[in-house]
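Structure first, then comments.
The values are calculated or read from the model by the stated rules, or taken from the named source; none is laboratory data. Values in this document were obtained by computation on a predicted structure and should not be read as measured data. When we count neighbours, we look across all protein chains shown, and the Cβ atoms used for this are built from the backbone with ideal geometry, even at glycine. Remember, those area values only see protein heavy atoms, side chains included, never the ligands or the DNA or RNA. Shrake-Rupley method; radii C 1.70, N 1.55, O 1.52, S 1.80 Å.
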Amino acid sequence: MAKKRNFSLFLIGLAFGIIISLLFAYKAGITGNVVAEDCSEDELLIEAVDQNNEKLSEIQRGSIYIRYKSPGWNKVPLDESNDFSACVPSDAHNIRIQSCSACNGNKHIEKEMGDNASSLQGKAKFILVSADLHDQNGIIDEGHAFYGNAFANIYNLKNKLVFGCGNCNSDENALRSGDEFIVPYGADYRYRAVVKTGLSNYNNIEGPAAEVISAEQDSITLNFLRTTSQLEDQNGIIDEGHAFYGSCFMNIYNSNNKIAYGCGNCNSLDNAIYSGDEFMVPEGADYNYKPLVKTPLSNYNNIDGNLEEISEAAETTLIAGFITTTVNLNDQNGIIDEGHAFYGNAFANIYNLKNKLVFGCGNCNSDENAMRSGDIFIVPGGSSFRHKALVKTAVSNYNNIDGNIIDVAGASEDEISSTLRKIAVWINDPDGSISADDPKYDDLNLDIIKEGNNKALWKSLKAGDNFLIPDSISYKIRERADPEGNYNDISGSYRQYDSSGQESLDAVFRKITVLAFDNNCESSDLPIYIIRHSNSKTAYELTDGGYFYAPSGAEIGYKLHGGELFSANVSDELAELEAYPSANLSCEEEESCIENWSINYGECLSNNTRLAYYTDENSCNTTDKLPMENGTYILCEHNIELTAGNFDGETTDFSVRFSDIERAVIEKQIHGKIIFNENISINQSRNLDENIEISNSSIFVNSTALPEFNKSATLVLRNVNYVNPIIYKDSEICSLDVCRLSRYENNTIIFNVSHFTVYSVREGPYCGDSCCNNGETCSSCSEDCGSCKKTAETTSGSGGSSSGGYIIQKRENHTPKQKPAQERAENQERAGDESQQKTEETGCNYDIGVLAEDRISFIGSNSSEIKIINRGNCDIDKLDIQLSPELRDMLDLTMTEINGLEKGNSVSLTIVNRLQSSKASHFTGAVAFTQKYKKELAGHAIIRGQTGDEKIKKEIRLNIEILDEKIDKYMTSYLGFILFVAALFILLVFKRKK
């Protein structure tokens with residue numbers, strides 16, 4: 001019995017070991033076949049099960065299939081007709097299971113199950129998924145107002161609709177809250193929320209597509225937002241208590257700019273969204289909205305706000321801003337209100353960008369919708385609209401004068417201003433001969449004419465009258481002399497004006513005296529008739545010595561009684577009008593012409609002479625008194641402006657000689673001088689004072705204005721107290737091919753230049769200027785760079801870290817000394833090459849140190865630490881740390897960005913093995929078997945720093961030991977085998993003891 005009991009225990013232990021081995025072997029990929037009795041020998045029974053491995057008995061929504069190759073493609077339904085089971089050939093391969101609604105084409109969700117039927121283990125696994133639709137207040141069900149509008153659509157990864165109603169033109173397949181659909185367990189699919197709006201089936205708003213990867217949950221959640229429309233102006237929310245409530249709306253558009261909620265142009269208010277109204281959108285959906293103002297003039301003259309985009313909708317309140325705007329009409333003296341004489345004539349008209357009238361009275365034939373100063377209107381905030389002032393005249397409603405169109409872009413102000421001009425009329429003549437006491441003074445008036453159609457805006461304005469007109473508007477005037485208030489007035493020609501800045505308007509007339517002569521050139525007592533030119537009507541009937549007024553520039557006719565008709569133009573020279581019986585008679589005495597000769601000169605020739613010739617200013621066509629010098633050549637006379645106060649010393653006197661001036665000098669003794677190395681010739685007037693400047697440490701010659709002086713020269717600058725002077729051309733260090741230093745001694749610098757612009761001298765870097773730069777070190781210039789002193793910090797290995805360093809100590813103040821001339825010349829040349837070095841500007845030396853292990857091993861450990869040290873003498877604002885591409889797939893850094901690292905400080909970060917080995921691998925890590933799967937890698941950690949414009953870069957080499965990711969597979973089977981042997985060994989020991 002004991003032997004039988006021991007043998008039974010042995011069998012139990014053996015079975016236990018085999019089971020453990022099989023479990024680990026199954027994890028490593030060893031599987032077996034399952035064959036059912038109700039299928040033929042060469043078939044396998046496949047059953048449809050749910051996520052709990054329980055056989056399906058019914059499906060609420062959708063159809064399911066199993067699809068395979070044997071040898072061609074076969075598709076078998078899994079439904080009630082075959083008890084949700086199917087016999088599949090044993091040699092079937094490319095096994096897939098599918099679920100769908102109509103299963104047209106590729107409109108299904110599919111899951112690949114394996115390369116052969118045996119891998120299914122007899123089961124095709126599905127999951128019933130519930131679509132849960134939520135708004136911010138809870139699940140959307142039949143008790144919610146928006147229940148009938150909220151749906152879920154299910155898509156495969158090819159974006160083909162599998163379950164749902166698409167754009168929901170028909171609700172037949174709609175997925176509402178709580179509805180279920182079936183998908184292969186672990187399949188990938190997408191879903192998105194959709195809101196069906198009341199306007200059109202194609203104006204729906206869809207949420208973003210959400211992907212389900214390896215579906216294992218029995219429900220999906222689609223979130224919606226019940227969003228409240230809130231319309232605000234700058235004074236608060238626009239609701240039913242506001243005057244403009246019935247004019248302000250909001251329109252909601254989908255991402256295709258189709259209107260989803262709202263009333264469009266609001267011709268009908270059936271779907272209008274007022275302040276406080278609600279609408280629903282999928283959470284995270286993209287949609288657009290814009291505010292709208294419906295005006296009382298026309299439904300198509302509305303003002304639309306800017307189209308605003310909502311990206312990834314998340315808010316439950318949508319605010320549309322409006323601006324309540326006040327009309328402010330000004331003249332140059334203040335606001336036009338009811339206390340002003342012109343108040344009833346000044347209006348503002350508001351237009352949308354299609355130039356449709358939105359607010360106002362148009363041409364103001366009716367004042368019903370007129371907008372006067374102080375009236376208010378409302379527009380969407382940020383919208384664009386136009387406005388212009390209008391002055392309604394007393395002459396006709398259609399002779400109004402409009403101001404300029406003013407565009408408002410991005411409306412944000414609570415008022416608009418239109419400026420008008422109040423212009424006073426004055427009567428004037430060139431000679432001042434018109435007096436207000438003159439009985440004919442009241443005959444003088446003028447009309448204001450509309451530009452374009454020559455319609456009168458204001459008529460018969462007299463001196464002292466005012467009229468109102470929009471600012472910066474062109475208009476015309478026409479003066480009239482109207483002796484009897486009839487249509488025979490003498491009118492001037494139209495003259496155009498611009499109202500910009502105008503305060504008054506002068507009507508220009510001429511007072512003209514008439515003289516009558518008979519055939520003997522004696523005074524005549526016959527009446528003289530002044531004729532209106534346009535219609536030959538008599539305007540004035542006068543006698544010899546009488547006078548009349550006429551607008552300047554007017555055309556008139558005149559004649560003696562019974563004589564011929566003459567014409568005249570009322571010019572500024574016309575003061576008297578002589579009337580004769582006929583055109584053959586003239587009583588004027590002929591005046592002799594007096595020659596008036598003026599001299600002219602030709603250009604200067606190469607021999608420094610020029611032609612002198614004379615012209616007669618009176619054009620008498622005679623040469624009686626022509627000067628004898630006419631046609632002769634004389635010496636050129638130059639006018640070189642040279643003020644003694646500007647230049648002194650050895651300055652050349654340019655008024656003595658004009659050509660081939662050798663070694664010309666321009667000097668200002670206190671600052672320096674210019675010595676020209678090439679000859680200078682001047683052939684025309686030049687202003688040296690305005691174009692040559694010698695100042696402290698700087699010389700300038702305007703070579704554009706003085707091309708003759710753009711020569712090579714020697715420049716001398718005095719009172720230069722620099723240790724290491726550097727010569728600059730304009731704002732850059734002058735190169736040696738343009739500037740060359742001659743000498744610098746006794747605070748005077750002398751250098752040569754090849755041409756002219758602005759040359760100056762500035763202090764350059766030197767030992768003792770408190771900046772460690774220009775190649776200075778602690779050994780060459782301890783005054784600036786500090787004393788040399790080794791630090792205790794060292795690093796080792798090949799990881800790219802450096803050892804040693806210097807502590808920079810602050811130097812003591814001292815008095816700088818001038819460098820020898822040769823060293824200054826060398827510094828001048830070197831400065832041209834080193835001017836770009838940032839250390840000259842900042843005085844900073846940047847040095848980054850890195851501490852890391854020589855070889856970083858991830859065998860038995862999954863992390864390693866490195867330290868970054870700021871060894872420089874300045875702080876570093878920012879550091880970025882990256883791994884080189886060959887390490888990024890396997891390793892991670894716990895920190896990739898450091899904001900601020902002070903000098904002398906350090907920061908530590910960790911390198912982590914992304915491909916962490918399993919416990920089985922760690923358990924066997926010390927075994928020699930592991931060495932076979934060890935890999936060695938090499939790469940870099942790249943450190944980039946930045947402080948202002950200064951950029952720093954450091955690379956550290958990393959040597960990495962890591963296990964091949966394949967070892968986990970082998971270690972799993974290896975560990976299973978060890979456990980089996982261990983169990984067998986324990987049983988044998990137990991048996992022997994018995």
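Per-structure values
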read-out: Residue (of T317, C248, I303) at the positive-pole extreme of segment 240-351, dipole from beta-carbon charges; value: I303
read-out: Gap separating the Cα centres of segment 170-236 and segment 108-127, nearest whole Å; value: 29
read-out: Among 593-604, 752-763, the order from most to least packed when residues are scored by Cβ within 10 Å on average; value: 752-763, 593-604
read-out: Placed amide H near C39: partners under 5 Å, 5+ positions off or other chain; value: none
read-out: Where labels lie 7 Å past Cα in the beta-carbon direction, separation of I406 and E278 in nm; value: 4.4
read-out: Accessible solvent surface per residue of segment 697-786, calculated while the other protein chains remain in place, 1.4 angstrom probe, Å²; value: 41
read-out: FRET efficiency for A424 and S255, using Cβ-Cβ distance with R0 set to 60 Å, rounded to 0.05; value: 0.50
read-out: Distance in nm between pseudo-label sites at E58 and Q882 (7 Å out along the Cβ direction from Cα); value: 6.1
read-out: Set of aspartates and glutamates near K867 by C-alpha distance (under 12 Å), chain-local residues within fewer than 8 positions excluded; value: E853
read-out: Peptides 204-210, 980-986 ordered by average Cβ neighbours within 10 Å, highest first; value: 204-210, 980-986
read-out: Euclidean distance of C-alpha centroids, segment 129-150 and segment 268-332, integer Å; value: 27
read-out: Net length gained if the chain between K440 and M895 were fully extended (0.36 nm per residue, minus Cα distance); value: 154.0 nm
read-out: Ordering of 247-257, 167-177 by packing [mean C-beta count within 10 Å, highest first]; value: 247-257, 167-177
read-out: FRET efficiency, 1/(1 + (r/R0)^6) with R0 22 Å, evaluated for K867 and K934 via beta carbons; value: 0.25
read-out: Pairwise FRET efficiency - A102 versus Q51, Cβ, R0 = 22 Å, nearest 0.05; value: 0.35
read-out: Cα centroid separation, segment 852-914 to segment 550-598 (Å); value: 104
read-out: Hz values of 3J(HN,Hα) by residue in segment 715-729 - Karplus curve (6.51, -1.76, 1.60), Gly and Pro given as x; value: 9, 10, 10, 9, 6, 9, 10, 10, 7, 10, x, 10, 8, 10, 10
read-out: N82 versus V758: modelled label distance in nm, points set 7 Å from Cα along the beta carbon direction; value: 9.2
read-out: Electrostatic dipole magnitude of segment 643-778 [Cβ: Lys, Arg +1; Asp, Glu -1; Cα centre; debye, to 20]; value: 140
